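One structure is given below, encoded as structure tokens.
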Amino acid sequence: MIIDIHTHTFPEKIAAKAIESLSKEAHILANTDGTNAGLKKSMEEAGVDISVIMPVATSGSQVVKINDRAARVNEEERSLISFGGIHPDFADYKQEFRRLKEMGIKGIKIHPVYHKMDIDDIRYLRIIECAAENELIVLTHAGLDVGFPGVVHCSPKMCRHVWDEIGPFKFVLAHMGGWENWEEVPEYFGGSGIYIDTSFSTEKIKPLNDGHWDGKNLSMLGTERVMRIVEAIGTDKVLFGSDSPWTSQKESSEFIKKLPLSEADRNKILGENAAALLNL
């Protein structure tokens, strides 16, 4: 079984507009149309059995609608699982997390860069602690963001501070533990019990044809650097993720399949670890 722990879709009414806007913001091409149907087509081509959707609430007013949609996805789709979303401006997060737990939603996605707040800010710590108390998985964007050059709200050091303050809990750091902060990941997370996902870290950036990336290095992590992180974290704590539509599920999963790992360890990363974490 292959489980992609990190994907994104949007309601059909806004998917085209959202993809266009986000593509321009990050100067990258999308690999799907941003709909659930587009994601399922990608899954079929890649041999992915289950995809986990990570909604991002960019304002407090979006939280309830996002979480209601997540519940509908979980009721209506067999191969898709949606996490919930939260925003630091949403005041009644305690009640909302109780509601998520009652609805059977397995976790939340947070994005410190979009929220313009350090992940170890006390306002985030309160939210994450409450999520942990409700046995919700917390998956966060980690490291820099391709759409916000130089903006640091979720460094490895900050994430380790969160873990030391609240842990242990079900904590997943996207983008191999910290996008473009990769050299710090083994130092802060090795042997910690924190999970990382492989999303948007193992391929070349596919640029939008607007000149933004001209003359720049579009490569991300190669096999050697990925293996250095995997060996430090341990194969039990690494989860396959693509960040679809921003990278190809097929190319991302093929990269994992080609890593110099035992079949047992590859299977852990491709799906077994996620199945255990999600209690499937």
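Quick rundown of the values:
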item: Computed Kirkwood radius, in angstrom, where 1/r is averaged over Cα pairs of the stretch 5-106; result: 14.4
item: Alpha carbon centroid spacing (whole Å) that separates the stretch 237-259 from the stretch 1-61; result: 14
item: Within the stretch 240-273, trypsin sites (Lys or Arg not before Pro) in DSSP loop having at most 11 other beta-carbon neighbours inside 10 Å; result: Lys258
item: Computed over the stretch 127-280, Cα set: Rg, Dmax in Å; result: 15.4, 48
item: The stretch 48-156 pair-distance distribution - Cα-Cα, 10 Å bins, rounded %; result: 15, 48, 30, 7
item: Overall Cα dimensions of the stretch 160-249 - principal axes, largest extent first, Å; result: 44, 24, 23
item: P(r) of the chain over all Cα-Cα pairs, binned every 5 Å from zero, in whole percent; result: 1, 6, 13, 18, 21, 19, 14, 7, 1, 0, 0
item: Relative contact order, percent, the chain [alpha-carbon distance under 8 Å, six or more residues apart]; result: 22
item: Within the stretch 3-278, percent of DSSP bridges classed antiparallel, to nearest 5; result: 10
item: Among beta bridges that DSSP assigns inside the stretch 1-156, antiparallel share in %, nearest 5; result: 10
item: Segment Leu280-Met1, extension gain: residue separation times 0.36 nm, minus the distance between their alpha carbons; result: 99.3 nm
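Values in this text are rule-based calculations from the coordinates and carry no lab data. The structure displayed is predicted, hence computed values, not measured ones. Every residue, glycine among them, receives a Cβ derived from its backbone with ideal geometry; neighbour counts consider all protein chains shown.
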